[in-house]
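Asker: Sending over a structure as C-alpha coordinates; questions will come in a sec.
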Amino acid sequence: MKKQFMPFITFITALLFIAAGCSQSPQAKETPPRMAAAAPAKKDGLPNVKILATGGTIAGAAPSKTSATEYTAGAIGVDALIQAVPEIKEVAHVSGEQVVNIGSQNMNNETLLKLAKRVNKLLKSDDTDGIVITHGTDTLEETAYFLNLTVKSDKPVVVAGSMRPSTAIGADGPSNLYNAVKTAAAPDAKGKGTLVVLNDRIASARYVTKTNTTAADTFKSEEMGYIGTIADDIYFNNIMTRKHTKDTDFKIDKLDKLPQVDIIYGYQNDGSYLFEAAVKSGAQGIIFAGPGNGSMSDAAQKGAVKSVKSGLAVVRSTRTGNGTVTPNREYEKDHLTASNSLNPQKARILLMLALTKTHDPKRIQTYFNEY
Ligand code: GLU
(Lines give C-alpha, C1' and ligand atoms only; values in the text may rest on other atoms or scores of the structure.)
Protein backbone atom coordinates (compact mmCIF):
# COMPACT_ATOMS: atom_id res chain seq x y z
CA MET A 1 0.00 0.00 0.00
CA LYS A 2 1.44 3.34 -0.97
CA LYS A 3 -0.29 6.43 0.40
CA GLN A 4 1.46 8.75 -2.05
CA PHE A 5 -0.78 7.52 -4.85
CA MET A 6 -3.84 8.93 -3.14
CA PRO A 7 -3.91 12.36 -4.78
CA PHE A 8 -3.88 10.86 -8.31
CA ILE A 9 -6.42 8.21 -7.95
CA THR A 10 -9.41 9.21 -5.93
CA PHE A 11 -11.55 10.34 -8.85
CA ILE A 12 -10.01 8.39 -11.74
CA THR A 13 -9.89 5.10 -9.95
CA ALA A 14 -13.46 5.37 -8.82
CA LEU A 15 -14.37 5.60 -12.49
CA LEU A 16 -12.03 2.72 -13.33
CA PHE A 17 -13.62 0.64 -10.62
CA ILE A 18 -17.10 1.26 -11.91
CA ALA A 19 -15.94 0.46 -15.44
CA ALA A 20 -14.24 -2.75 -14.25
CA GLY A 21 -17.36 -3.87 -12.42
CA CYS A 22 -19.67 -2.99 -15.28
CA SER A 23 -17.60 -4.93 -17.78
CA GLN A 24 -18.25 -8.18 -15.88
CA SER A 25 -21.19 -9.09 -18.12
CA PRO A 26 -23.19 -7.61 -20.99
CA GLN A 27 -26.14 -7.35 -18.63
CA ALA A 28 -24.11 -5.13 -16.35
CA LYS A 29 -23.68 -2.62 -19.19
CA GLU A 30 -27.43 -2.50 -19.76
CA THR A 31 -28.17 -1.78 -16.11
CA PRO A 32 -27.52 1.87 -15.30
CA PRO A 33 -25.63 2.15 -12.03
CA ARG A 34 -27.77 3.50 -9.22
CA MET A 35 -26.74 5.17 -6.02
CA ALA A 36 -27.13 3.12 -2.87
CA ALA A 37 -30.45 4.06 -1.32
CA ALA A 38 -32.57 2.94 1.59
CA ALA A 39 -33.81 -0.63 1.06
CA PRO A 40 -37.27 -0.59 -0.53
CA ALA A 41 -40.22 -2.58 0.79
CA LYS A 42 -40.09 -6.29 -0.04
CA LYS A 43 -42.83 -6.29 -2.68
CA ASP A 44 -41.06 -8.78 -4.92
CA GLY A 45 -39.99 -11.22 -2.21
CA LEU A 46 -36.32 -10.28 -2.42
CA PRO A 47 -34.68 -9.92 0.98
CA ASN A 48 -33.17 -6.68 2.23
CA VAL A 49 -29.41 -6.94 2.63
CA LYS A 50 -27.41 -4.14 4.19
CA ILE A 51 -23.78 -3.72 3.14
CA LEU A 52 -21.58 -2.26 5.87
CA ALA A 53 -18.30 -1.16 4.31
CA THR A 54 -15.10 -0.85 6.33
CA GLY A 55 -12.41 -0.52 3.62
CA GLY A 56 -9.64 -2.94 2.67
CA THR A 57 -8.45 -4.09 -0.74
CA ILE A 58 -12.00 -4.67 -1.95
CA ALA A 59 -12.29 -0.87 -1.75
CA GLY A 60 -8.69 -0.38 -2.87
CA ALA A 61 -7.41 1.39 -5.94
CA ALA A 62 -4.07 1.34 -7.74
CA PRO A 63 -2.62 3.71 -10.32
CA SER A 64 -2.53 0.94 -12.95
CA LYS A 65 -4.45 -2.21 -13.86
CA THR A 66 -1.31 -4.31 -13.39
CA SER A 67 -0.65 -3.25 -9.79
CA ALA A 68 -1.88 -5.99 -7.52
CA THR A 69 0.14 -5.15 -4.42
CA GLU A 70 0.93 -1.41 -4.67
CA TYR A 71 -2.34 0.31 -3.96
CA THR A 72 -4.32 2.33 -1.46
CA ALA A 73 -6.70 0.23 0.63
CA GLY A 74 -10.02 1.83 1.49
CA ALA A 75 -10.03 4.33 -1.39
CA ILE A 76 -13.53 3.66 -2.67
CA GLY A 77 -16.83 4.23 -0.90
CA VAL A 78 -19.72 1.84 -0.44
CA ASP A 79 -21.86 3.45 -3.16
CA ALA A 80 -19.16 2.81 -5.79
CA LEU A 81 -18.79 -0.77 -4.53
CA ILE A 82 -22.49 -1.40 -5.03
CA GLN A 83 -22.64 0.37 -8.40
CA ALA A 84 -19.81 -1.79 -9.70
CA VAL A 85 -21.86 -4.96 -9.27
CA PRO A 86 -25.41 -4.11 -10.41
CA GLU A 87 -26.20 -7.85 -10.58
CA ILE A 88 -26.52 -7.95 -6.78
CA LYS A 89 -29.84 -6.14 -7.19
CA GLU A 90 -31.20 -9.32 -8.79
CA VAL A 91 -30.68 -11.28 -5.56
CA ALA A 92 -31.47 -8.70 -2.89
CA HIS A 93 -32.48 -5.15 -2.18
CA VAL A 94 -29.16 -3.71 -1.14
CA SER A 95 -28.34 -0.53 0.65
CA GLY A 96 -24.96 0.60 1.86
CA GLU A 97 -23.44 2.21 4.89
CA GLN A 98 -19.83 3.31 5.34
CA VAL A 99 -18.73 2.39 8.86
CA VAL A 100 -15.05 3.27 8.34
CA ASN A 101 -12.75 3.18 5.30
CA ILE A 102 -9.45 1.73 6.50
CA GLY A 103 -6.90 -0.99 5.94
CA SER A 104 -7.86 -3.72 8.38
CA GLN A 105 -4.44 -3.58 10.06
CA ASN A 106 -5.93 -0.42 11.62
CA MET A 107 -9.11 -2.10 12.84
CA ASN A 108 -9.23 -1.65 16.61
CA ASN A 109 -11.43 -2.58 19.56
CA GLU A 110 -13.37 0.67 19.37
CA THR A 111 -14.37 0.12 15.74
CA LEU A 112 -15.03 -3.56 16.40
CA LEU A 113 -17.55 -2.64 19.11
CA LYS A 114 -19.11 0.04 16.92
CA LEU A 115 -19.53 -2.44 14.07
CA ALA A 116 -20.96 -5.24 16.22
CA LYS A 117 -23.43 -2.85 17.86
CA ARG A 118 -24.54 -1.59 14.45
CA VAL A 119 -25.02 -5.16 13.19
CA ASN A 120 -27.12 -6.06 16.24
CA LYS A 121 -29.23 -2.93 15.87
CA LEU A 122 -29.87 -3.48 12.17
CA LEU A 123 -30.73 -7.15 12.61
CA LYS A 124 -33.33 -6.35 15.29
CA SER A 125 -35.35 -4.57 12.62
CA ASP A 126 -37.70 -6.36 10.22
CA ASP A 127 -36.25 -4.14 7.48
CA THR A 128 -32.94 -6.03 7.47
CA ASP A 129 -32.80 -9.72 6.50
CA GLY A 130 -29.05 -10.09 6.27
CA ILE A 131 -25.80 -8.19 6.45
CA VAL A 132 -22.64 -8.14 4.36
CA ILE A 133 -19.53 -6.53 5.79
CA THR A 134 -16.75 -5.62 3.39
CA HIS A 135 -13.38 -5.70 5.12
CA GLY A 136 -9.64 -5.78 4.55
CA THR A 137 -8.38 -9.34 4.49
CA ASP A 138 -5.45 -8.93 6.90
CA THR A 139 -7.53 -9.02 10.07
CA LEU A 140 -10.84 -10.08 8.54
CA GLU A 141 -10.87 -13.33 10.51
CA GLU A 142 -10.66 -11.43 13.82
CA THR A 143 -13.64 -9.21 13.05
CA ALA A 144 -15.62 -12.17 11.71
CA TYR A 145 -14.93 -14.23 14.85
CA PHE A 146 -15.83 -11.27 17.09
CA LEU A 147 -19.18 -10.99 15.30
CA ASN A 148 -19.63 -14.76 15.52
CA LEU A 149 -19.45 -14.40 19.31
CA THR A 150 -21.42 -11.18 19.77
CA VAL A 151 -24.19 -10.96 17.15
CA LYS A 152 -27.51 -11.86 18.78
CA SER A 153 -29.47 -12.96 15.75
CA ASP A 154 -29.96 -15.96 13.47
CA LYS A 155 -30.03 -13.74 10.40
CA PRO A 156 -27.06 -14.19 8.06
CA VAL A 157 -23.96 -12.07 8.63
CA VAL A 158 -21.36 -12.45 5.89
CA VAL A 159 -17.90 -10.90 5.87
CA ALA A 160 -16.20 -10.48 2.49
CA GLY A 161 -13.04 -8.95 1.12
CA SER A 162 -10.78 -9.29 -1.85
CA MET A 163 -7.12 -9.87 -2.53
CA ARG A 164 -6.81 -7.70 -5.63
CA PRO A 165 -7.70 -4.01 -5.67
CA SER A 166 -10.75 -2.91 -7.61
CA THR A 167 -8.57 -1.56 -10.43
CA ALA A 168 -6.56 -4.78 -11.04
CA ILE A 169 -6.90 -7.17 -13.96
CA GLY A 170 -8.98 -10.03 -12.58
CA ALA A 171 -10.17 -8.07 -9.56
CA ASP A 172 -11.87 -10.54 -7.25
CA GLY A 173 -13.90 -7.92 -5.36
CA PRO A 174 -16.99 -7.85 -7.62
CA SER A 175 -17.49 -11.64 -7.58
CA ASN A 176 -16.78 -11.88 -3.86
CA LEU A 177 -19.28 -9.10 -3.16
CA TYR A 178 -21.90 -10.70 -5.40
CA ASN A 179 -21.39 -14.09 -3.71
CA ALA A 180 -21.51 -12.51 -0.26
CA VAL A 181 -24.82 -10.78 -0.97
CA LYS A 182 -26.20 -13.98 -2.47
CA THR A 183 -25.17 -15.87 0.66
CA ALA A 184 -26.63 -13.24 2.99
CA ALA A 185 -29.88 -13.45 1.01
CA ALA A 186 -30.05 -17.24 1.24
CA PRO A 187 -32.57 -18.67 3.73
CA ASP A 188 -30.17 -21.60 4.33
CA ALA A 189 -27.50 -19.23 5.63
CA LYS A 190 -29.57 -18.53 8.77
CA GLY A 191 -28.36 -19.82 12.12
CA LYS A 192 -24.87 -20.78 10.93
CA GLY A 193 -22.95 -18.06 12.75
CA THR A 194 -20.88 -15.43 11.00
CA LEU A 195 -19.76 -16.56 7.55
CA VAL A 196 -16.74 -15.51 5.50
CA VAL A 197 -17.13 -15.50 1.71
CA LEU A 198 -14.20 -15.22 -0.71
CA ASN A 199 -13.03 -17.18 -3.71
CA ASP A 200 -16.31 -19.14 -4.16
CA ARG A 201 -16.11 -20.62 -0.67
CA ILE A 202 -18.25 -20.09 2.40
CA ALA A 203 -16.29 -20.51 5.60
CA SER A 204 -17.25 -20.40 9.25
CA ALA A 205 -15.70 -17.44 11.07
CA ARG A 206 -14.66 -19.90 13.80
CA TYR A 207 -12.29 -21.84 11.57
CA VAL A 208 -11.18 -19.70 8.65
CA THR A 209 -7.80 -17.99 8.51
CA LYS A 210 -5.71 -16.05 6.03
CA THR A 211 -2.91 -18.36 4.88
CA ASN A 212 -1.15 -16.53 2.05
CA THR A 213 0.09 -12.95 1.77
CA THR A 214 -1.04 -12.26 -1.79
CA ALA A 215 -2.82 -15.23 -3.42
CA ALA A 216 -6.54 -15.06 -4.17
CA ASP A 217 -7.16 -18.44 -2.49
CA THR A 218 -5.69 -17.29 0.80
CA PHE A 219 -8.67 -18.01 3.09
CA LYS A 220 -8.63 -21.61 4.25
CA SER A 221 -10.31 -23.66 6.93
CA GLU A 222 -7.59 -26.26 7.02
CA GLU A 223 -8.49 -29.59 8.64
CA MET A 224 -12.06 -28.39 9.32
CA GLY A 225 -13.22 -27.73 5.76
CA TYR A 226 -15.43 -25.02 4.38
CA ILE A 227 -19.03 -24.79 5.49
CA GLY A 228 -20.18 -24.37 1.89
CA THR A 229 -19.34 -23.55 -1.69
CA ILE A 230 -20.79 -21.25 -4.32
CA ALA A 231 -21.10 -22.46 -7.90
CA ASP A 232 -23.87 -20.20 -9.18
CA ASP A 233 -26.05 -21.75 -6.47
CA ILE A 234 -25.12 -21.99 -2.83
CA TYR A 235 -24.29 -25.38 -1.36
CA PHE A 236 -23.91 -25.79 2.38
CA ASN A 237 -21.93 -28.91 3.23
CA ASN A 238 -21.03 -28.80 6.92
CA ILE A 239 -22.70 -27.80 10.14
CA MET A 240 -21.19 -25.73 12.92
CA THR A 241 -20.78 -27.58 16.18
CA ARG A 242 -19.26 -24.71 18.19
CA LYS A 243 -21.50 -22.24 20.03
CA HIS A 244 -22.03 -18.93 18.29
CA THR A 245 -24.22 -15.81 18.07
CA LYS A 246 -27.37 -16.29 20.21
CA ASP A 247 -25.83 -19.16 22.18
CA THR A 248 -22.80 -17.30 23.55
CA ASP A 249 -22.54 -15.61 26.95
CA PHE A 250 -21.30 -12.33 25.51
CA LYS A 251 -23.33 -9.12 25.27
CA ILE A 252 -21.57 -6.04 24.00
CA ASP A 253 -24.46 -3.55 23.87
CA LYS A 254 -23.38 -1.78 27.06
CA LEU A 255 -19.63 -2.15 26.61
CA ASP A 256 -17.62 0.86 25.49
CA LYS A 257 -14.23 -0.80 25.95
CA LEU A 258 -12.69 -4.25 25.73
CA PRO A 259 -9.94 -5.53 28.02
CA GLN A 260 -6.39 -5.30 26.69
CA VAL A 261 -5.11 -8.69 25.58
CA ASP A 262 -1.66 -9.01 24.02
CA ILE A 263 -0.06 -11.78 21.99
CA ILE A 264 3.47 -12.96 22.76
CA TYR A 265 5.30 -15.20 20.31
CA GLY A 266 7.34 -18.19 21.51
CA TYR A 267 10.76 -18.87 19.95
CA GLN A 268 14.22 -20.23 20.81
CA ASN A 269 15.99 -18.09 23.41
CA ASP A 270 12.83 -16.20 24.34
CA GLY A 271 12.50 -14.60 27.77
CA SER A 272 10.02 -13.37 30.34
CA TYR A 273 10.48 -9.65 29.69
CA LEU A 274 7.68 -9.39 27.13
CA PHE A 275 5.26 -10.77 29.74
CA GLU A 276 6.53 -8.13 32.18
CA ALA A 277 6.01 -5.43 29.55
CA ALA A 278 2.42 -6.61 28.92
CA VAL A 279 1.64 -6.55 32.66
CA LYS A 280 3.16 -3.09 32.99
CA SER A 281 1.20 -1.71 30.04
CA GLY A 282 -2.13 -2.72 31.59
CA ALA A 283 -2.93 -6.00 29.86
CA GLN A 284 -5.60 -8.15 31.48
CA GLY A 285 -4.75 -11.16 29.37
CA ILE A 286 -1.95 -12.66 27.31
CA ILE A 287 -2.09 -15.15 24.47
CA PHE A 288 1.11 -17.12 24.10
CA ALA A 289 1.69 -18.23 20.50
CA GLY A 290 3.89 -21.11 21.49
CA PRO A 291 5.77 -23.62 19.43
CA GLY A 292 4.11 -27.02 18.91
CA ASN A 293 1.35 -27.87 21.36
CA GLY A 294 1.64 -24.46 23.06
CA SER A 295 4.85 -25.41 24.81
CA MET A 296 6.78 -22.83 26.81
CA SER A 297 10.45 -22.37 27.48
CA ASP A 298 11.34 -22.19 31.18
CA ALA A 299 11.80 -18.43 30.81
CA ALA A 300 8.45 -17.92 29.07
CA GLN A 301 6.70 -20.10 31.66
CA LYS A 302 8.27 -18.01 34.43
CA GLY A 303 6.93 -14.87 32.75
CA ALA A 304 3.50 -16.46 32.35
CA VAL A 305 3.32 -17.57 35.99
CA LYS A 306 4.33 -14.10 37.19
CA SER A 307 1.63 -12.59 34.97
CA VAL A 308 -1.01 -14.93 36.44
CA LYS A 309 0.13 -13.91 39.94
CA SER A 310 -0.41 -10.28 38.88
CA GLY A 311 -4.03 -11.16 38.03
CA LEU A 312 -3.77 -11.73 34.27
CA ALA A 313 -5.26 -14.63 32.33
CA VAL A 314 -2.69 -16.44 30.18
CA VAL A 315 -3.81 -18.70 27.34
CA ARG A 316 -1.45 -20.98 25.45
CA SER A 317 -2.03 -21.10 21.71
CA THR A 318 0.24 -22.29 18.92
CA ARG A 319 2.34 -20.76 16.18
CA THR A 320 2.01 -23.94 14.04
CA GLY A 321 -1.17 -22.82 12.29
CA ASN A 322 -3.10 -26.02 12.93
CA GLY A 323 -4.16 -28.45 15.61
CA THR A 324 -5.54 -28.37 19.13
CA VAL A 325 -3.56 -27.03 22.05
CA THR A 326 -4.32 -29.42 24.88
CA PRO A 327 -4.65 -28.43 28.57
CA ASN A 328 -1.48 -30.14 29.74
CA ARG A 329 -1.44 -30.79 33.53
CA GLU A 330 1.97 -29.15 33.94
CA TYR A 331 0.48 -25.88 32.71
CA GLU A 332 -2.92 -26.31 34.37
CA LYS A 333 -1.26 -26.37 37.80
CA ASP A 334 0.07 -22.90 36.94
CA HIS A 335 -3.49 -21.78 36.00
CA LEU A 336 -2.56 -21.42 32.33
CA THR A 337 -5.39 -22.22 29.92
CA ALA A 338 -5.25 -23.74 26.44
CA SER A 339 -6.70 -22.18 23.29
CA ASN A 340 -8.17 -25.41 21.93
CA SER A 341 -7.98 -25.01 18.13
CA LEU A 342 -8.12 -21.21 18.05
CA ASN A 343 -5.13 -19.53 16.46
CA PRO A 344 -3.48 -16.76 18.52
CA GLN A 345 -5.33 -13.84 16.89
CA LYS A 346 -8.73 -15.47 17.38
CA ALA A 347 -7.80 -16.64 20.88
CA ARG A 348 -7.20 -12.95 21.65
CA ILE A 349 -10.74 -12.10 20.49
CA LEU A 350 -12.29 -14.80 22.68
CA LEU A 351 -10.14 -13.94 25.71
CA MET A 352 -11.13 -10.25 25.49
CA LEU A 353 -14.79 -11.28 25.60
CA ALA A 354 -14.20 -13.96 28.26
CA LEU A 355 -12.56 -11.35 30.50
CA THR A 356 -15.74 -9.27 30.39
CA LYS A 357 -17.38 -12.18 32.26
CA THR A 358 -14.72 -13.82 34.41
CA HIS A 359 -11.05 -14.09 35.38
CA ASP A 360 -11.42 -17.70 36.56
CA PRO A 361 -9.08 -19.91 34.47
CA LYS A 362 -11.48 -22.89 34.67
CA ARG A 363 -14.38 -20.87 33.26
CA ILE A 364 -12.09 -19.36 30.65
CA GLN A 365 -11.04 -22.90 29.66
CA THR A 366 -14.70 -23.85 29.27
CA TYR A 367 -15.21 -20.95 26.86
CA PHE A 368 -12.22 -22.10 24.81
CA ASN A 369 -13.58 -25.65 24.74
CA GLU A 370 -17.09 -24.60 23.68
CA TYR A 371 -16.56 -21.64 21.36
N1 GLU B 1 -3.81 -4.48 4.44
C2 GLU B 1 -5.06 -4.15 3.85
C3 GLU B 1 -6.25 -4.58 4.70
O4 GLU B 1 -6.21 -5.53 5.41
C5 GLU B 1 -5.23 -4.72 2.51
C6 GLU B 1 -5.31 -6.22 2.49
C7 GLU B 1 -6.60 -6.71 1.91
O8 GLU B 1 -7.67 -6.18 2.14
O9 GLU B 1 -6.54 -7.70 1.18
O10 GLU B 1 -7.24 -3.92 4.64
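The values are calculated or read from the model by the stated rules, or taken from the named source; none is laboratory data. Computed from a prediction, not measured in an experiment: that's the story for all the values here. Note that we place each Cβ from the backbone using ideal geometry, even for glycine, and neighbour counts take in every protein chain shown. Heavy atoms of the whole protein, side chains included, go into the accessibility calculation; ligands, DNA and RNA do not. Shrake-Rupley method; radii C 1.70, N 1.55, O 1.52, S 1.80 Å.
Asker: What do you get for Rg/Rh over region 198-262 if you use C-alpha atoms and the Kirkwood form of Rh?
Answerer: Over the Cα atoms of region 198-262, Rg/Rh equals 1.07.
Asker: Next question. Keeping the other protein chains in place, figure out the carbon and sulfur percent of the accessible area of region 89-210, with a 1.4 Å probe.
Answerer: Exposed carbon and sulfur together represent 45 percent of the surface.
Asker: Something else now. Please give the length that would be gained between residue 44 and residue 269 if that part of the chain were fully extended, namely 0.36 nm times their separation in residues minus their C-alpha to C-alpha distance (nm, one decimal).
Answerer: 74.6 nm
Asker: Kindly state, as a whole number, the per residue volume in cubic angstrom of the convex hull around the alpha carbon atoms of region 64-162.
Answerer: Per-residue hull volume (Cα only) is 106 Å³.
Asker: Still on this structure: Calculate, in whole percent, how much of the Cα-Cα pair population of the chain lies beyond 37 Å.
Answerer: For the chain, the share of Cα pairs beyond 37 Å comes to 22 percent.
Asker: Another question, then. Taking a temperature of 10 °C and a viscosity of 1.306 mPa s, what whole-number D in µm²/s does Stokes-Einstein yield for region 131-274 with Rh from Kirkwood over alpha carbon pairs?
Answerer: Details: Rh = 16.3 Å.
For these conditions, the coefficient is 98 µm²/s.
Asker: Where in the chain are the DSSP H helices whose C-alpha atoms run 18 Å or more along the long axis and whose mean Kyte hydropathy is at least -1.0?
Answerer: 6-22, 109-124
Asker: Can you give me the distance in nm between label points at residue 117 and residue 213, each placed 7 Å from the Cα along the Cα-to-Cβ direction?
Answerer: 3.8 nm
Asker: Once fully extended, how much extra length lies between residue 359 and residue 125, figured as 0.36 nm per residue of separation less the alpha-carbon to alpha-carbon distance?
Answerer: 80.8 nm
Asker: Roughly how big is region 133-229's charge dipole about its Cα centre, with Cβ charges of +1 (Lys, Arg) and -1 (Asp, Glu), in debye to the nearest 20?
Answerer: So the dipole magnitude of region 133-229 works out to roughly 280 debye.
Asker: Here is a follow-up. Would you calculate, for the chain, the mean residue ellipticity at 222 nm contributed by helices, counting each DSSP H stretch of 4 or more residues as -39,500 (n - 2.57) and dividing by all residues, to the nearest 500?
Answerer: That comes out to -9000 deg cm²/dmol.
Asker: Based on the Kirkwood radius over alpha-carbon pairs, what value in µm²/s does the Stokes-Einstein equation return for the translational diffusion coefficient of region 122-165 at 20 °C and 1.002 mPa s?
Answerer: Stokes-Einstein gives a translational diffusion coefficient of 188 µm²/s.
Asker: Please report the base-10 log of the normalised intensity I(q)/I(0) for region 248-313, using a Debye sum with one equal scatterer per alpha carbon and no solvent, at each q in 0.14, 0.18, 0.21 (1/Å).
Answerer: Taken in order of the listed q values, log10 I(q)/I(0) reads -0.45, -0.66, -0.81.
Asker: For residue 319 and residue 64 in one chain, what is 0.36 nm times their gap in residues minus the Cα-Cα distance, to one decimal in nm?
Answerer: My answer for the length gained is 88.1 nm.
Asker: Still on this structure: Over region 58-154, what is the relative contact order in whole percent, taking alpha-carbon pairs under 8 Å and six or more residues apart? Walk me through the numbers on the way to the answer.
Answerer: Values: 74 pairs, mean separation 24.0, N = 97.
It rounds to 25 percent for region 58-154.
Asker: Can you grab the distance from the C-alpha centre of region 187-206 to the C-alpha centre of region 236-287, Å, no decimals?
Answerer: 23 Å
Asker: Please get the size of the charge dipole for region 172-270, origin at its Cα centre, with Cβ charges of +1 on Lys and Arg and -1 on Asp and Glu, quoted in debye to the nearest 20.
Answerer: About 380 debye.
Asker: Give the separation of the Cα centroids, region 304-357 to region 61-134, in Å.
Answerer: 32 Å
Asker: Dividing the alpha-carbon radius of gyration of region 138-208 by 2.2 N^0.38 Å (N being the number of residues), what value is obtained? Don't skip to the end; give the middle numbers.
Answerer: Working: Rg = 12.2 Å, N = 71, 2.2 N^0.38 = 11.1 Å.
Computed over Cα atoms of region 138-208, the ratio equals 1.09.
Asker: Taking Rh as the Kirkwood radius, which is the inverse of the mean 1/r over Cα pairs, what is the Rg/Rh value for region 105-146?
Answerer: Details: Rg = 11.1 Å, Rh = 11.2 Å.
Rg divided by Rh gives 1.00.
Asker: When DSSP beta bridges are limited to those with both residues in the chain, what percentage is antiparallel, rounded to the nearest 5?
Answerer: That works out to approximately 30 percent antiparallel.
Asker: Right, here's the next one. How large is the dipole of the chain about the Cα centre if only Lys and Arg carry +1 and Asp and Glu carry -1, each at its Cβ, rounded to the nearest 20 debye? Intermediate values should be presented prior to the final figure.
Answerer: On the way: 43 positive and 36 negative charges, 171 e Å.
For this selection, approximately 820 debye.
Asker: Now a separate question. Taking only protein heavy atoms and a 1.4 Å probe, what accessible area per residue, in Å², does region 194-344 have with all protein chains in place?
Answerer: On the way: 7630 Å² over 151 residues.
Dividing the accessible area of region 194-344 by its residue count gives 51 Å².
Asker: Further question on the same structure: For the chain, calculate the relative contact order in percent as a whole number, restricting contacts to Cα pairs under 8 Å that are 6 or more residues apart.
Answerer: Relative contact order comes out at 13 percent.
Asker: Quick check of the Kirkwood formula: for region 284-371, what is the inverse mean of 1/r over all pairs of different Cα atoms, in Å?
Answerer: Details: mean 1/r = 0.0806 Å⁻¹.
For region 284-371, the Kirkwood estimate is 12.4 Å.
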